Amino acid sequence: MVRDEQGFLTAQHIIRTPELVEFEFELAGLASRLLAWLLDSLFSIAISITGIIAVSLLGLVSDVLSNFLTYVVGFLVNWGYFVVFEWRMGGQTPGKRALGLRAIQVSGARVGFTQAVLRNLMRGFDHLPFLYGAGGVTALLAPSRRRLGDLVAGTVVVREKRKKLPSSL
């Protein structure tokens with residue numbers, strides 16, 4: 001634990017290279033991770049609703065097929081949203097980006113497809129018994145604030161450092 005500029009205690013993730021160079025990352029707190037997840041949930045619900053409306057508006061399919069497609073769209077968005085965004089946007093989803101968070105590998109490397117899939121396959125276990133109960137407790141107890149998905153994938157969620165613009169600009 002280290003104090004930041006405002007005097008708040010923050011947890012650090014330190015990476016030491018073989019050349020003895022240290023990189024310090026501020027670990028994301030549970031509140032900021034929760035807010036990012038809430039934003040992402042709203043975005044994914046909006047995408048799901050749009051997809052379901054598109055399927056319904058087609059009207060070319062039977063009710064049974066329409067119901068099936070609704071479930072398929074919901075499943076793909078629910079599981080694919082986090083995987084695709086974290087994989088393609090360097091460990092960020094729109095919610096994480098809005099709050100300045102990023103998932104990285106414990107080694108400091110960017111999250112790849114495998115890590116994104118593993119993190120998000122474990123999301124179902126993190127949700128148990130409800131609303132990230134297991135994931136939240138694990139993150140509270142783990143010194144590196146990692147949920148079950150992070151432990152399995154070898155990732156950690158960090159806060160990005162915001163660069164200050166020079167006052168002359």
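A few notes on this one:
- In this calculation the C-beta distance from PHE125 to LEU38 is compared with R0 = 25 Å, giving a FRET efficiency of 0.80.
- Apolar share of the accessible surface for the chain: 69 percent from carbon plus sulfur atoms, 1.4 Å probe.
- Relative contact order of the chain, pairs being alpha-carbon contacts under 8 Å that are 6 or more residues apart, as %: 23
- Within the range 31-114: Cβ-based charge dipole about Cα centre, in debye rounded to nearest 20 (Lys, Arg +1; Asp, Glu -1): 440
- With only the Cα atoms considered, the range 86-169 has a convex hull volume of 116 Å³ per residue.
- For LEU101, nonlocal amide neighbours, meaning residues 5 or more places apart or on other chains whose placed amide H falls under 5 Å from its own, are GLU160.
- Solvent exposure of the range 1-123, expressed per residue, is 61 Å² of accessible area, with all protein chains present and a 1.4 angstrom probe.
- A Cβ-based charge dipole, computed about the Cα centre of the range 77-169 with Lys and Arg at +1 and Asp and Glu at -1, lands at about 460 debye.
- Whole-Å semi-axes of the range 73-125's equivalent ellipsoid (Cα gyration tensor): 18, 13, 9
- Burial order of peptide ranges 119-130, 83-94 (average beta-carbon count within 10 Å, highest first): 83-94, 119-130
- Matching the structure-derived Cα extents along the principal axes in Å against the labelled list (1) 65, 36, 27; (2) 63, 44, 30; (3) 73, 35, 28 gives the label (2).
- Across q = 0.18 Å⁻¹, the range 40-84 modelled as identical point scatterers on its alpha-carbon atoms has Debye log10 I(q)/I(0) values of -0.50, in the order of the q list.
- Rounded to the nearest 20, the Cβ-based charge dipole of the chain about its Cα centre (Lys and Arg +1, Asp and Glu -1) stands at 320 debye.
The values are calculated or read from the model by the stated rules, or taken from the named source; none is laboratory data. Quantities reported herein were computed from a predicted structural model and do not represent experimental measurements. Don't worry about glycine lacking a Cβ; one is built from the backbone with ideal geometry, like all the others, and counts go over all protein chains shown. Just the protein is used for accessible areas: all its heavy atoms, side chains included, with ligands, DNA and RNA removed. Shrake-Rupley method; radii C 1.70, N 1.55, O 1.52, S 1.80 Å.
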